[in-house]
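Note sheet for the following structure.
Please treat every number below as a calculation from the coordinates, not as lab data. From a predicted model like this one, the values you see are computed outputs, not experimental measurements. Positions of Cβ are generated from backbone atoms using ideal geometry, with glycine treated the same way; all protein chains shown enter the neighbour counts.
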Amino acid sequence: MSATSAALSSRNLSTATERLAQFATGASVGADVRRAAIPMVLDTLAVTLAGGAEPGVRALMAALDPHHGAPAIPSFWDGRGYRGDDAALLIGMASHVLDYDDVSTLAMCHPSAPIMSALLATARRDQTSGKELLDAFAVGTEVLIRLGQAMGFRHYALGFHATATLGSVGAAAACSRLLGLDAREAAHALAIAASLASGLRANFGSTVKPLHVGIAAANGQKAARLAAAGIEGAAEAFEGEGYLHAFSGGEVRSWPEALDLGHPFAIAEPGFEQKRYPCCYMLHKIIEATLSLRREAGITLGDVASALVRMPNGATKPLIHPRPKSGLSALFSAPYAVIAGLADGRIDLMSFTDAAVLRPEIQTRLPDVTVVEDASAPKQGAEVGAAPVTVSLMLTAGGELSRTVVASPGSRQDPLTEVQLRAKWADCLLRARPGLAAATLEGLFDEGLTIAEAPTVDGWLARLTGALAGT
């Protein structure tokens, strides 16, 4: 069945649950979709490996019991093996702790992190081909994103962390595909995941936010395994008063007929947005504007008296920490993005350490930044990504400088080049293992580019693990 025919046939299914399950198990993934997935897999793996060095992830490692039985999922970082659900929890938290993973503004979510984390913790690596991994990844991210589109922005506005709530279901679809479940079993897996889904935006800026991704990955994997063992869910878990209704605040009760899964795959068109900066994606246009003004005008923080940031209606919802007191809270702070960008002339991983955020010269200037939303109608989903953001700087010497950014950094309109993706790969792996040779970094990246042809994924993943362990 082609991707198109799978999408068209889904219109004849009676429930959203059946629609999702049939797609997860039966959709054909074309070569173009796999090609689009490869850089997302590499990018997600890079930020995951880097995230393993973070204190919150290390704390989680200490809380998990190692597993010595079969099958134990090997850790990338500490040489221990873990049960599948614990491995998913750990990998998932690491994938999102730096907030450097990719984004889809179609559903205001991070699509790749929960799906890739679940698959890495589920795959029998010596029996899973690169093609099978990519196919499951494409299916899982598609279910995640389209489910978010089906509910609309209301879901996010209610206070849910969409990556977490959608991620549980997307991960269940991906794991169902990878484990070879049939459509009936996959429907049960999705129904189970629908009841496990959780996550609140109120936890943004804390270690619970990245933990959400681990919980989603573990929930999805667990749902698929429970369904394979015979646990059954409701036939209408997503419609009526099910998942769609509950998570949309009562606005959606059935799958929108115009929304066809896999037609096209979102990963291929319009694609995901890969992050250029390690922070909330709603900060990226602010950072682009600020750094451009600093560079082109030759100014620094001392030359600026105050700043005004104008954003589209709805874009500030994740930016809940105007006065951050830690690296984690600064990931969601527009004032910090402006002040740190002006002070340092860069925004990178080192910008979001506690020490960088707590510098007195930074903290005292945060009140000088005002952030406002425009008076237009509230923007939803991709509308937010397409809307302009303007940064205006009022200079101490008098006068004003302004820059408006329309294209989202890392999107198709302003993409990461392969050179930038390679540099991000190297930066992330060096954070996980300082001193890695440039030739090793390049070789591992090049091997990843050919993952679609790999008969099994265990060799590449083992070499990555070995590189981080220094073996």
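So the values come out like this:
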quantity	calculated
Proximal lysines to K424, defined as alpha-carbon separation beneath 19 angstrom and excluding residues fewer than eight positions away on the same chain	K275, K285
³J(HN,Hα), Karplus 6.51/-1.76/1.60, whole Hz, each residue of the stretch 384-389, x for Gly, Pro	5, x, 8, 7, x, 10
Beta bridges by DSSP in the chain, antiparallel share as percent, to the nearest 5	75 percent
Charge dipole (debye, nearest 20) of the stretch 3-247; +1 at Cβ of Lys and Arg, -1 at Cβ of Asp and Glu	100 debye
Sequence-distant aspartates and glutamates (8 or more away, or on other chains) whose Cα lies within less than 19 Å of K325	E54, D99, D344, D348, D354, E361, D368
Sequence-distant residues sharing a close amide H with E373 (under 5 Å, placed H)	M311
Taking all pairs of distinct alpha-carbon atoms in the chain, Kirkwood radius in angstrom	22.3 Å
Alpha-carbon spread of the stretch 368-415, three principal axes, descending order, Å	39, 27, 14
Gain upon complete extension [E232, A386; 0.36 nm per residue less C-alpha separation]	51.3 nm
Share, in percent, of DSSP beta bridges within the stretch 281-405 that are antiparallel, nearest 5	70 percent
Fewest-first ranking of I231, I192, I91, using other Cβ atoms within 10 Å as the exposure measure	I231, I192, I91
Table column - 3J(HN,Hα) (Hz), the stretch 125-140, Karplus curve with 6.51, -1.76, 1.60, x for Gly and Pro	4, 7, 10, 9, 7, x, 4, 5, 5, 5, 5, 5, 4, 5, 5, x
Set of the stretch 289-326 residues, backbone N closer than 17 Å to the point 7 Å along the Cα-Cβ line of A157	312-319
Vicinal HN-Hα couplings computed from phi for the stretch 145-157 (Karplus, 6.51 cos²θ - 1.76 cosθ + 1.60; Hz; Gly/Pro x)	5, 5, 5, x, 4, 4, 8, x, 5, 3, 4, 5, 5
Estimated dipole of the chain in Debye, rounded to 20 [Cβ of Lys and Arg +1, of Asp and Glu -1, Cα centre]	600 debye
Semi-axis lengths (Å, descending) of the ellipsoid that matches the C-alpha gyration tensor of the stretch 106-169	26, 11, 7
Label-point separation, T300 to E453 (7 Å along Cα→Cβ), nm	5.1 nm
Ranking of K285, K424 by count of other Cβ atoms within 10 Å, fewest first	K424, K285
Evaluated at q = 0.14 Å⁻¹: base-10 log I(q)/I(0), Debye formula over Cα of the stretch 3-247	-0.82
Binned Cα-Cα distance frequencies in the stretch 281-405 - 10 Å width, integer %	14, 48, 32, 6
Sorted by Cβ neighbour density within 10 Å, fewest at the top, the residues R433, R124	R124, R433
The stretch 281-405, relative contact order [Cα under 8 Å, separation at least 6], %	39 percent
